[in-house]
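To start, the structure under review is shown below, and the notes come after it.
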Amino acid sequence: MDIKRRQTLATLAAGTASLALPRFALAQGAPVRLGVLIPLTGSTSQFGASMGKAAAAAADEINTAGGINGRKVELVVEDDQSNPEAAVRAARKLIDVDHVVAICGTYASSVTSAVAPLCWESKTMLMTASGADSITALPHHGYIVRTSPTSSLQGSRIAAFAMEQGAKKLAFVAPQTPFSQLYIDVITAAAKHSGAQATGLIYEDKKGSYRSEVDRVLKFQPDAILFGGYVPDTSVVMKDLYRAGYNKLRAGLAFGVNQKLVEALPADISEGAWALTPSASVNSQAYKRLIAKLKVDALDPYSCQVFDHIHLAALSLAMSKSEPSGTSIRDNIRKIARYDGASSPCEFADNGDVKGVFFRYEQIEGGKLVTRKIA
């Protein structure tokens, strides 16, 4: 890549209005359509609205800077309804009707797993914030990249955290999902390696009470209970643990223990619980620009990831001399010299997994999530 080309791409990554793209009029070509498939409704919708705003902010940056080789970015946003069947219908529309070259932002692993075959079969790039290890093990022919840490990495980190706090008996509880058993296996292996013990319980989703499940878990006498569910079911489990008098370590992953959970529960029930979340890259210029654009003090990692998806798609397409396509993104995304994103430095392994991620450790204190460390 020549120096001028590198400068052009670096400026696009910075998202400034002074982008040195080729001097084409914006009307030179039709807009480049990127699909954004996010949970605006349903059980995983707590991040959907901000993910949509972050995607729009990225498109605005790119268009203000001159577009992709003179062509505007046009986002087509669809609600996956936190449901794989609804997501497939939405993805078919994005691919067959809207003719997007990429689908960005998928969050729940069940949604991503459902739409992935549609993407690789149509040569549409899929850029996801899902964590299930199985996603990048699919035969996707390079048409999937993810900016989220894998479930196995998240499981090993939360197990290590619990044991660092002195826990010797860990219990992981979660609804039936594509990654629940994987979490149990990873946490059990991590505990065994460190001389601790672990057990797991997979429960039925959307129940009004989990007291019988809580009683079963407490027979194990755990000194740490780890949550792998979403906010609706995690809040019910926490209530039943509180009623049962459990007062030891409680920690969950970000999709279940977050600000929405804090707002959903009385303060004395959630007080002291921990959250492990993939962290945004809070010191990056991309993150600082994004929170300034959205006028917030801080932002969840998933919104940061979809912001990066839009920029990565644009950078990849800007490197290609051919008509914008999913294949152009696939072939160029690893050629980007450096993109220090709002979520992380976005460099991808051959299978599509992101190589470098940050985690944030937060604790609920006085009705607020307080960051204790980022590592």
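In region 57-113, which residues are in a helix (DSSP H, G or I) and on the phi > 0 side of the Ramachandran plot?
None - no residue of region 57-113 is in a helix (DSSP H, G or I) and on the phi > 0 side of the Ramachandran plot, so the list stays empty.
Taking the residues in region 80-109 that are in contact with a strand residue (DSSP E or B) (Cβ under 7 Å, 6 or more places away or on another chain) and either without any contact (Cβ under 8 Å) to a residue 24 or more places away in the chain or surrounded by fewer than 19 Cβ atoms within 10 Å (Cβ to Cβ) (or both) as candidates, determine which candidate is farthest from ALA57 (Cα to Cα).
LYS93
Go through region 61-75 and report how many residues are closer than 15 Å to VAL101 by Cβ and open to solvent by 20 Å² or more (accessible area, probe 1.4 Å).
5
Which number in (1) in contact with a strand residue (DSSP E or B) (Cβ under 6 Å, 6 or more places away or on another chain); (2) closer than 27 Å to VAL370 by Cβ; (3) of a type in the set (Gly, Ala, Ser) marks the one condition that SER235 misses?
(1)
From the list GLY195, GLY155, pick out the single residue that is within 17 Å of the chain's Cα centre (by Cα), more than 27 Å from HIS311 (Cβ to Cβ) and without any contact (Cβ under 8 Å) to a residue 40 or more places away in the chain. Working first, answer last.
On the way: GLY195 fails: within 17 Å of the chain's Cα centre (by Cα).
Testing whether each residue is within 17 Å of the chain's Cα centre (by Cα), more than 27 Å from HIS311 (Cβ to Cβ) and without any contact (Cβ under 8 Å) to a residue 40 or more places away in the chain leaves just GLY155.
If a residue has to be open to solvent by 50 Å² or more (accessible area, probe 1.4 Å), in contact (Cβ under 8 Å) with a residue 40 or more places away in the chain and over 17 Å from the mean Cα position of the chain (by Cα) to count, how many in region 352-371 make the cut?
Qualifying residue count, region 352-371: 3.
Residues in region 323-340: is at least one under 18 Å from LEU153 (Cβ atoms) and either open to solvent by 40 Å² or more (accessible area, probe 1.4 Å) or of a type in the set (A, V, I, L, M, F, W, C) (or both)? Spell out the reasoning first.
The first filter runs over region 323-340 and keeps only residues under 18 Å from LEU153 (Cβ atoms), leaving none.
Within region 323-340, not a single residue is under 18 Å from LEU153 (Cβ atoms) and either open to solvent by 40 Å² or more (accessible area, probe 1.4 Å) or of a type in the set (A, V, I, L, M, F, W, C) (or both).
Tell me, yes or no, whether region 115-133 has at least one residue that is open to solvent by 30 Å² or more (accessible area, probe 1.4 Å), in contact with a Phe, Trp or Tyr (Cβ under 9 Å, 6 or more places away or on another chain) and modelled with pLDDT under 95.
Among the residues of region 115-133, at least one is open to solvent by 30 Å² or more (accessible area, probe 1.4 Å), in contact with a Phe, Trp or Tyr (Cβ under 9 Å, 6 or more places away or on another chain) and modelled with pLDDT under 95, which makes the answer yes.
Between residues in region 205-224 that are closer than 14 Å to TYR242 by Cα and without any contact (Cβ under 8 Å) to a residue 60 or more places away in the chain and residues that are among the aromatic types (Phe, Trp, Tyr) and not in a helix (DSSP H, G or I), which pairs lie under 8 Å by C-beta distance while being six or more apart or on different chains?
Short answer, once both residue conditions are applied: TYR210/TYR203; GLU213/TYR203; VAL214/TYR246; LEU218/TYR246.
The values are calculated or read from the model by the stated rules, or taken from the named source; none is laboratory data. None of these values were measured; they are calculated from a predicted model. FYI the Cβ positions are ideal-geometry reconstructions off the backbone, even for glycines, and counts take in every protein chain you see. When the accessible area is computed, the model is the full protein with side chains, heavy atoms only, and any ligands, DNA or RNA have been set aside. Shrake-Rupley method; radii C 1.70, N 1.55, O 1.52, S 1.80 Å.
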